[in-house]
Every structure is written in structure tokens, then in C-alpha cells.
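All remarks here apply to the structure that follows.
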Amino acid sequence: MSRSPDECFVVAVDGGSSSTRALVGNQTGEVVGVGVGGPTGLFTDEAGLRRLEGALRAAIGGALKSAGVSADRVATAFLGLTGVFDEQDDGRKASDIAWHLLPRARIHVRGDAAPAFLAASCGLPGVLVYSGTGSIAYGVDDRGNQVRSGGWGYLVDDRGGGFRIGIEALEAVFRQSDGRGPETKLSEVVLAHFAAVDPGALLRLIYLDKVLDRARVAALVPLVRSAADDGDTVARELLAEAAHRLVELAQAVGRRLPGLYGGRIYPAGGVFRAGPWLREPFDSELAVEMPEAVVCEPAFPPVVGSYLMALQHSGRLLDDRVLGGIRRTRRKWEELEPS
């Protein structure tokens, strides 16, 4: 027996390199359940596909359980995932996994930048500058042109992202150790983070035990911020350099969007919680390089952008009723956000 639209639910997923977030919502914008899973990352091989399956199973399963909703009541699912190189091929792989979890749902897959932008802007033109484990800028202008910059991955890019900041903190430890760099409080906090007694022990962990997974390295950002709060010059310089790289991303997008006309800049992602040592140089440099732009706080986190896209695929307009429902259930989806 078919159900009316009001009896059907949607599932939204934001899958990243550090964690995966999912929510269940109804057709009028009310979030009724949330769940969290591990990182998705790249899924170009069997190990990556197994990791993706585990992350989706935990996040979606947790959200359905939290909502008290059975999988067969989900009509539409939207997955915004990092590591999507080819939306057709990678989308099919992710859809096949999600289909086993949501067998009656129409499943849509896209890279994570577009839903993050929609969450930030609610459809207005502008540029999202996102810095989490990695970094990317994504913009849409008044004419509907879409442009991205960055997001090429941790091996060759992601300047200004959490993984890169963490790597630079590690470099600072070794540079102090062998006399090439200044003393820094980062040595103490980084060694403690990896439970290493000295740089030599840390080196063995890196090259023999291979402890440098992206999430663990990106988790150094709060420690860099803490050292900066304590007056550490090296930590402050690392965060200022990250801010510069993030401004470069915004500029690159802005130059290629002829209908932007200044526009709004939306800084988003966990790295922007690194305090004034990153945010103040970011705002200051942006004011010089893009003086007509206005910095705006994102309206919602990326997983809500996936929810909005799921609702669009369900034929819903993103009107005041839908946005009001999301705002009324803020306490529910805020459970997914770090404190």
C-alpha cells in the first residue's frame, strides 16, 4: 500500500574524512532523528567501500533508531560524500551500499561541497569556504554559474585544512628537535597526543606503526589553537598561514564567477573554530582582497544541506515552512555538531 507524502521520510548524510553524520526528517523540515558513523574517505577500492559501508550503516542506522522510523518508510535519501571523483561511477557504488540499508528509497549521491554550500546560503549566491579535515571553496553566482577551487585531497592539496595544519604542527616538532626551528609548545602537546616520549619515538610511530591517519592528524588543530592561546608564536603563525590559504580559495572562486558582484562569503568547518588566531587574519585579508564581499555565518551545517537536497529531490520547495521546521528542530540536529 502506498503512503502519502506526509507519512514518508527522508534521510540525509554528510560523509567526511573524519566522521559521517546522518539525520532523518519528514517532508516539512522537521528533523526527528540523528546518527553518527566513522569516516567515509575515498572509496575507490574494496577497503574504501567497506569503510563507506560501515560508516553509512552506523550513521543511517543510528538516525533511524533515534527517530523510531523503519527503513521502509524512507522515500528519498541524499548522500553528500567526500571523495566523490566521478558522480556517476562513485555515485553508483555509494547508492548500491545505501540501497541495502534503505531498500525503498530513491537514493541520490553527490560530492559534499554542493550540499554544504546550500546549507550555508539557503540558495543565495555566494562562496562557501570550507575547512574541515580538508579544504575547498565552492560558489554560485546570480546567474547560476557554479565554480569550485581546492579540494584536491590531502596528498597534493588541502592547504588551510585540518590535516595540513596537523602535518605542519608535526614538522614544527621535528624542526625544533634538530635545531632548524624555534622552541614551541607544540612539541609537548603533539608528543602527548601520540603518546610518544620524544621525537625519536614519534618518528617510529609515524613510519613503523603508521599512525598518521587523517582524522588523528586533523585532531591536532584544537591543540594548535590551545598553544596559540598560550602565546606560542609558531602555533599562531600556522593558523595565520592557514587563514591565508583559505582566502586564496575564496579569491579563486570569486574571480571565476562573473555574476557574483561581491557576494557573501560563508566560512564553515571545524578549522574555523580555531579561534581568533585563524578567523581574524582570514577576515582581515578577505577585506583587503575582496572588499565588496560580506562575511556571513552559515545558516546550517552541511548535513542539513543534504536534507535540503533530499527534500528538493522529493519535490518539496525550500519555503518558509520547510526552513521553519528545520529551525524548530535545531536542538535535534545540533546533537551532531561538536561542542
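The values are calculated or read from the model by the stated rules, or taken from the named source; none is laboratory data. Just so it is clear, the model here is predicted, and its values are computed rather than measured. Positions of Cβ are generated from backbone atoms using ideal geometry, with glycine treated the same way; all protein chains shown enter the neighbour counts. For accessibility, only protein heavy atoms count, side chains too; no ligands or nucleic acids. Shrake-Rupley method; radii C 1.70, N 1.55, O 1.52, S 1.80 Å.
Over the chain, what relative contact order in percent results from Cα pairs under 8 Å that are six or more residues apart? The partial results should precede the final answer.
Values: 700 pairs, mean separation 75.0, N = 339.
RCO, the chain: 22 percent.
Taking only C-alpha pairs under 8 Å that are 6+ residues apart, what is the relative contact order of segment 67-152 in percent? Before the final figure, lay out each step's value.
Working: 114 pairs, mean separation 20.3, N = 86.
Once divided by the residue count of segment 67-152, the mean separation gives 24 percent.
Along the charge dipole of the chain, which of A215, A114, V247 sits closest to the positive end, that is, farthest toward it, with unit charges on the beta carbon of Lys, Arg, Asp and Glu (+1, +1, -1, -1)?
A114
Along the Cα→Cβ direction, 7 angstrom out, place labels at A287 and E237. What is the inter-label distance in nm?
2.5 nm
With a 1.4 Å probe and all protein chains kept in place, how do R273, R143, R216, R331 rank by accessible area, largest first?
Numbers: R273 125, R143 145, R216 80, R331 205 Å².
Correct descending sequence by accessible area is R331, R143, R273, R216.
Given a Förster distance of 45 Å, report the FRET efficiency between R321 and D72 from their Cβ-Cβ distance, rounded to the nearest 0.05. Spell out each step's value before the answer.
Working: r = 26 Å, r/R0 = 0.58.
For R0 = 45 Å, the calculated efficiency reads 0.95.
Put R57, R104 in order of accessible area, largest first, 1.4 Å probe: what do you get?
Largest accessible area first, the residues go R104, R57.
Could you calculate, for segment 1-94, the ratio of the Cα radius of gyration to the Kirkwood radius, expressed as Rg to Rh? Present the calculation step by step, with values, prior to reporting the outcome.
Working: Rg = 13.6 Å, Rh = 13.5 Å.
That ratio is 1.01, to two decimals.
How long is the gain from E297 to L208 if the chain were fully straight, where each residue apart is worth 0.36 nm and the alpha carbon distance is subtracted? Can you show the working numbers first?
Numbers: separation 89, 0.36 × 89 = 32.04 nm, distance 4.23 nm.
Gain on extension, E297 to L208, equals 27.8 nm.
Name the shape class, rounded, prolate or oblate, that the alpha-carbon gyration tensor gives for segment 75-165, where a ≥ b ≥ c are the square roots of its eigenvalues, rounded holds for a/c under 1.5, and otherwise prolate holds if a/b is larger than b/c and oblate otherwise.
Numbers: a/c = 2.29, a/b = 1.35, b/c = 1.69.
Note, shape of segment 75-165 comes out oblate.
Mind ranking T82, T40 by accessible surface for me, highest first, 1.4 Å probe? Provide the component values of the computation, followed by the final result.
Details: T82 30, T40 0 Å².
Output order, biggest surface exposure first: T82, T40.
Before anything else, pin down the relative contact order of segment 105-229: Cα pairs under 8 Å, at least 6 apart, normalised by residue count, whole percent. Provide the component values of the computation, followed by the final result.
Details: 141 pairs, mean separation 23.3, N = 125.
That works out to 19 percent.
On average, how much accessible surface per residue is there in the chain, in Å², for a 1.4 Å probe, leaving out ligands, DNA and RNA? Walk me through the numbers before you get to the answer.
Working: 15520 Å² over 339 residues.
Value returned for the chain: 46 Å² of accessible area per residue.
First measure r as the distance between the Cβ atoms of D230 and E30, then evaluate 1/(1 + (r/R0)^6) with R0 = 35 Å and state the FRET efficiency to the nearest 0.05.
Taking R0 as 35 Å, the efficiency between D230 and E30 is 0.20.
How far is it, in nm, from the label point at D45 to the one at R104 when both lie 7 Å from their Cα along the line to the Cβ?
Label at D45, label at R104, 3.9 nm between them.
Over the heavy atoms of L308, what accessible area does a 1.4 Å probe trace out, to the nearest 10 Å²?
Estimated to the nearest 10 Å², L308 gives 0 Å².
Please report the carbon-and-sulfur percent of the accessible area for segment 208-312; probe 1.4 Å, protein heavy atoms only, DNA, RNA and ligands left out.
Working: 2300 of 4520 Å².
Ligands and nucleic acids excluded, carbon and sulfur reach 51 percent.
In nm, what is the difference between 0.36 nm times the number of residues separating D142 and E337 and their Cα-Cα distance?
Numbers: separation 195, 0.36 × 195 = 70.20 nm, distance 3.04 nm.
Value of the extension gain: 67.2 nm.
How far apart, in nanometres, would the label points at Q88 and V197 be if each is projected 7 angstrom from Cα along the Cα-to-Cβ direction?
5.8 nm
In Å, what is the Rg of the alpha-carbon atoms in segment 60-219, and how long is Dmax?
Taking only Cα atoms of segment 60-219, I get Rg and Dmax of 20.6, 62 Å.
Kindly list the residues of segment 308-339 that lie in the label zone of C122, defined by a backbone N under 12 Å from the point 7 Å along the Cα-to-C-beta vector.
It comes to 318-328, nothing else.
Determine Rg/Rh for segment 129-241; Rg is computed over alpha-carbon atoms and Rh is the Kirkwood hydrodynamic estimate from the same atoms.
On the way: Rg = 16.0 Å, Rh = 15.0 Å.
When Rh is taken as the Kirkwood radius, the ratio is 1.07.
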